1. Lys326: basic (Lys, Arg) and either modelled with pLDDT under 90 or in contact with a helix residue (DSSP H, G or I) (Cβ under 9 Å, 6 or more places away or on another chain) (or both), yes or no?
2. Within region 131-144, how many residues turn out to be part of a loop (DSSP other than H, G, I, E, B) and touching a Ser or Thr at 6+ places or on another chain (Cβ under 6 Å)?
3. For region 206-305, list the strands (runs of 3 or more DSSP E) that sit wholly inside it and hold at least 2 residues that are out of contact with any helix residue (DSSP H, G or I) (no Cβ under 6 Å at 6 or more places or on another chain) and modelled with pLDDT under 95; which are they?
4. What is the one condition in (1) more than 30 Å from Ala260 (Cα to Cα); (2) surrounded by fewer than 17 Cβ atoms within 10 Å (Cβ to Cβ); (3) modelled with pLDDT under 95 that Thr337 does not satisfy?
5. So is Ala351 modelled with pLDDT of 95 or more and closer than 27 Å to Lys271 by Cβ or not?
6. Looking at Val379, Val395, Val356, which one is assigned by TED's automatic domain parsing to the domain that holds Tyr210, in contact with a helix residue (DSSP H, G or I) (Cβ under 8 Å, 6 or more places away or on another chain), at pLDDT 95 or above and not in a helix (DSSP H, G or I)?
7. With the structure loaded, tell me whether Gln153 is in contact (Cβ under 8 Å) with a residue 24 or more places away in the chain, of a type outside the set (Lys, Arg), in the same structural domain as Asp209 (by TED's automatic domain parsing) and not in a strand (DSSP E or B) or whether it fails that test.
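The values are calculated or read from the model by the stated rules, or taken from the named source; none is laboratory data. Source: prediction; values computed, not measured. Cβ: placed from backbone, ideal geometry, glycine included. Neighbour counts: every protein chain shown.
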Amino acid sequence: MTLDRLVVIESGYRFNTSIRLYYSYISCMSSLKGENPSNANEGCVGPTSQDAGKASACAGCPNQSACSSGSFNSPAAIAAKEKEKTVLQNALTNVSHVILVLSGKGGVGKSTVSTQLAQSLSSRGYSVGLLDVDICGPSIPRMSGVVGQTVHQSQQGWEPVYANPNLAVMSISFLLEEGDAAVVWRGPRKNGLIKQFLTETDWGVGGLDYLIIDTPPGTSDEHISIVQYLNDARPMMTDGNGSGASGAIVVTTPEEVSMADVRKELNFCKKTSVPVLGIVENMSGLQMRVSDLSFFRDGSGSDNGDTITSNSNDCTNDVLALLKEKCPEVLSMVAATDVFPSSGGGPRGMAEKFNVPYLGKLPLDPNLLKACEEGTSFVDKYPSSPATSPLNNIVDKLILALPVEDDDGEENDAMKTD
């Protein structure tokens, strides 16, 4: 079955509207809960008002034509919305916690954090789902070791791919005929697929303890849609946070170029009432054991212009042999250096400013990168690596913030951290 056949957002099951109206509908979905569209003009009267699309404040609003048509407050539209809510609620009824991994900046390691959190939680015995909603750049399958797999449909819905018995993965990558195929879609079609992921993925009879959602950079269509879908799917939150998402983990690197965009993401969470579980400072510095370093003689003064990375100047074996002979204790030490300049108070200061938790630093660790390339659990395969303890600490804080209860309402001691 092709992806085009799977994503049929024009069907009556979803919305009997045009693509353009569907796009406007996404921005106006919150209005059915008594809120104005996020991109509305100042002084918006709301899509359900009798003056919707006609008031002076409506002039120039991108939602004006859709609001004035009455499409959002007609009995048919309200009935369709209620039906969608029911479908979403039924789909996620057995999911204890939904965690969004966000960052306003690309390339800061959201997918790395998402994957390794999921791997670590599943290694501790939790039932975990990993949903990749980065439609144009899905990297979760590679990092979770299931690249090239496909999903199948059953009577219960799409069957996700299992990276291990406790970790189920869903991504658009599993639906593409070619792994390198470009997904060139506008917002409505991406939003339609995200909703299908939420409503039609069968996470198993027992459900999930944690559903981790890896998102693309920014605060655009996909983010607005996923938050609104979750609000519809999970209206009765036991922790009373007012959001369908249990919380968000925000990932950043230490430099100001990254934090400037991440501050926008934190404001997005505040505006959409998504609680921030904490900020992860990724790539906080390079850390490696001395025994894993390579050493080179400086070739900058050589006649042939060799650089210090030239194989001809490699003196690693000589240096390691000398250290082993003269001071072997140095070999087990960790060498560290900052890669990105930290701005101001850095991510920790940003967390304090926004009054959100600071979950800790994840250093640049070659073994962490290797685990993502291999699709393995970093903390299991490299228990003595420099980033292992920081990652375990972040997982500990996550479990403490969002504990999983058993059928009797008690925290499951069998799945507590070691």
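1. On the way: basic (Lys, Arg): yes; either modelled with pLDDT under 90 or in contact with a helix residue (DSSP H, G or I) (Cβ under 9 Å, 6 or more places away or on another chain) (or both): no.
Criteria not met by Lys326.
2. So the first thing to find is which residues in region 131-144 are part of a loop (DSSP other than H, G, I, E, B), and the list is 133-139, 144.
Remaining after also requiring touching a Ser or Thr at 6+ places or on another chain (Cβ under 6 Å): 133, 138-139, 144.
Residues flagged as part of a loop (DSSP other than H, G, I, E, B) and touching a Ser or Thr at 6+ places or on another chain (Cβ under 6 Å) within region 131-144 amount to 4.
3. Numbers: elements: 208-214, 247-252, 276-289.
Of the strands (runs of 3 or more DSSP E) lying wholly inside region 206-305, those with at least 2 residues that are out of contact with any helix residue (DSSP H, G or I) (no Cβ under 6 Å at 6 or more places or on another chain) and modelled with pLDDT under 95 span 276-289.
4. The failed condition is (1).
5. Values: modelled with pLDDT of 95 or more: yes; closer than 27 Å to Lys271 by Cβ: yes.
So Ala351 fits the description; yes.
6. Details: Val379 fails: not in a helix (DSSP H, G or I); Val395 fails: not in a helix (DSSP H, G or I).
Residue meeting the stated conditions: Val356.
7. Working: in contact (Cβ under 8 Å) with a residue 24 or more places away in the chain: yes; of a type outside the set (Lys, Arg): yes; in the same structural domain as Asp209 (by TED's automatic domain parsing): yes; not in a strand (DSSP E or B): no.
Against the criterion (in contact (Cβ under 8 Å) with a residue 24 or more places away in the chain, of a type outside the set (Lys, Arg), in the same structural domain as Asp209 (by TED's automatic domain parsing) and not in a strand (DSSP E or B)), Gln153 does not qualify.
One line per residue, one yes/no per condition, for (1) basic (Lys, Arg); (2) touching a Ser or Thr at 6+ places or on another chain (Cβ under 8 Å); (3) closer than 24 Å to Glu222 by Cβ; (4) buried (at least 22 other Cβ atoms within 10 Å of the Cβ):
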| site | (1), (2), (3), (4) |
| --- | --- |
| Ala57 | no, no, no, no |
| Ser68 | no, no, no, no |
| Leu102 | no, yes, yes, yes |
| Lys110 | yes, yes, yes, yes |
